[in-house]
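The block underneath contains the structure these notes are about, expressed in structure tokens.
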Amino acid sequence: MPRARSLWTEYWPLAVLPLAAGAMDLFLWWRGEPWSWSDWASSFGLGAVTTMIVGMLLARRQGNIQEALADLELTEKVAYLTFSLSQLRAAAAPELTYRALYDCRAGLSLVPLARRPMQEEYLRTVSRVLETITDRLSSSLRSRAQWTHDDWSDFASVVGTLRETAVFHARRSKIVAAHWAGGIDTRTQELLRIGSDPVPFDVFRAHFTEGADRIRTTLDWEALSEMARRDDGTVRLSMITTELTPYRPAALEGYHAPWYRDASWSGEVAYDQHDAVPIRHTELVTDFSVLKIDRRLRIGALRDQYATRLDDQGVSLILATYALGPDRFLVLDGNHRLTALAQLVAKGCPARLIEFRLTAPVSPAILPDLIHYRTG
């Protein structure tokens, strides 16, 4: 049956020719000018039939060439998209993500022109790419940290256009429609939601408890998780990007370390000592001798490390902070790095802070250090 349908699609004009010839013969007979068999053989048979057959054969050949070119284009796109999967899994950077999404979109217009096996392979690859981007952006703070507000706006536009293109071709192709319903629709909706949603608490917790960046303060993660699940705004997360201007470390005035000194500045003490005073990062820019020797050594090593890789863009640093009130934040992770970076900023180094800010009750029950920041 499919073969018969294919033959009819290609050669239906030949089946119509006898009907057209009969209608023309009746018209000429009615006009009193009937054609002879020789007239028909020379004018209609050799002219119209031969021209139509040649045209159909050329069209068929052109169709084969078009199919081969579409296969070639889709093969190249499958190769690039497959190659990009490993890079997307490592870090879904904006430029790489845009390129992959644009290639997903561009190939959709070629799908109806290609052979069915190539159509299937390409659409499966598109689904894999969308799944990889979704998983990476929804589960990695480090990937999110590479995206600016403008990047997210462009991302929403690119994904929206991809959806429109897929819907257009799904109305005209059963194969595209099947893959649209089978995953492309869901994945693109998830991508649009990722760009507009705040940072998920579970992702924040996983990043700062299971990865290289570790929050080592005694944060009550279970209590925070329970409040976050209530989804009543008690626990919120936001990503803040701050550009630090060279020679102006005062921008860090509101950032406190979970380190403490005594009232006389003679040395570092525990948070629960009766005269313990929280240390601000700006206080360590020119003199950090109040800190313990091992802390000073680590800060010095980080400062030297950052100094060797300075460029026009400066250094970027990912932090986790706890909101203490207007313009005051407790740095939960990245204190040594921030101190080292603040010292470089004071010497003229540009820098960028990518801050994942946790807003929750300022209660010592959640974090003992917060006893120093209670109000009322």
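Look at Tyr306 and say whether it is of a type outside the set (A, V, I, L, M) and in contact with an Asp or Glu (Cβ under 9 Å, 6 or more places away or on another chain). Here the answer is no, as Tyr306 does not meet what is asked.
The set of residues in region 167-188 that are touching a residue at least 24 places away in the same chain (Cβ under 8 Å) and either open to solvent by less than 20 Å² (accessible area, probe 1.4 Å) or touching a Lys or Arg at 6+ places or on another chain (Cβ under 9 Å) (or both) comprises Ser173, Ile175, Val176, His179, Gly183, Ile184, Thr188.
Restricted to helices (runs of 4 or more DSSP H) entirely inside region 178-267, those with at least 1 residues that are over 27 Å from Ile371 (Cβ atoms) are 185-196, 201-210. None of Trp152, Trp147 is within 30 Å of Phe208 (Cβ to Cβ) and part of a loop (DSSP other than H, G, I, E, B) except Trp147. Going by the structure shown, is Leu252 open to solvent by less than 70 Å² (accessible area, probe 1.4 Å) and in contact with a strand residue (DSSP E or B) (Cβ under 7 Å, 6 or more places away or on another chain)? No, not satisfied.
Could you list all residues from region 330-353 that are over 26 Å from Ile371 (Cα atoms) and open to solvent by 20 Å² or more (accessible area, probe 1.4 Å)? Of everything in region 330-353, those that are over 26 Å from Ile371 (Cα atoms) and open to solvent by 20 Å² or more (accessible area, probe 1.4 Å) turn out to be Ala346, Lys347, Gly348, Pro350, Arg352. Considering only residues in region 137-166 that are more than 17 Å from Phe356 (Cβ to Cβ) and of a type in the set (Asp, Glu), the one that is surrounded by the most Cβ atoms within 10 Å (Cβ to Cβ) turns out to be Asp154. Of all residues in region 212-240, those that are open to solvent by 70 Å² or more (accessible area, probe 1.4 Å) and in contact (Cβ under 8 Å) with a residue 60 or more places away in the chain total 4.
Just one of the numbered conditions (1) surrounded by 12 or more Cβ atoms within 10 Å (Cβ to Cβ); (2) under 24 Å from the mean Cα position of the chain (by Cα); (3) free of Cβ contacts under 8 Å to residues at least 24 places away in the same chain is not true of Val269: (2). Applying the criterion of being more than 18 Å from Ala323 (Cα to Cα) and open to solvent by less than 20 Å² (accessible area, probe 1.4 Å) to the residues of region 272-285, the residue that is nearest to the chain's Cα centre (by Cα) is Leu284. Scanning region 234-264 for residues that are more than 25 Å from the chain's Cα centre (by Cα), of a type in the set (Asp, Glu) and closer than 20 Å to Ala346 by Cβ yields one hit, Glu253. Taking the criterion of being more than 15 Å from Arg136 (Cβ to Cβ), of a type outside the set (Val, Ile, Thr) and crowded, with 16+ Cβ neighbours inside 10 Å, the residues of region 100-116 that qualify are Asp103, Cys104, Arg105, Gly107, Leu108, Leu110, Leu113, Ala114. Does Leu85 satisfy the condition of being assigned to a helix (DSSP H, G or I), more than 11 Å from the chain's Cα centre (by Cα) and more than 16 Å from Ala166 (Cα to Cα)? Yes; evaluated as a whole, the condition is true for this residue. Scanning region 242-276 for residues that are of a type in the set (Val, Ile, Thr), under 20 Å from Asp333 (Cα atoms) and out of contact with any Phe, Trp or Tyr (no Cβ under 6 Å at 6 or more places or on another chain) turns up just one, Thr242.
When the residues of region 354-370 are filtered to those that are open to solvent by 20 Å² or more (accessible area, probe 1.4 Å) and farther than 16 Å from Met239 by Cα, the one that is nearest to the chain's Cα centre (by Cα) is Pro361.
The values are calculated or read from the model by the stated rules, or taken from the named source; none is laboratory data. Worth saying up front: this structure is predicted, and the values here are computed from it rather than measured. Glycine also receives a Cβ, built like all others from the backbone with ideal geometry; neighbour counts cover every protein chain displayed. Calculation scope for accessible area: heavy atoms of the full protein, side chains included, ligands and nucleic acids excluded. Shrake-Rupley method; radii C 1.70, N 1.55, O 1.52, S 1.80 Å.
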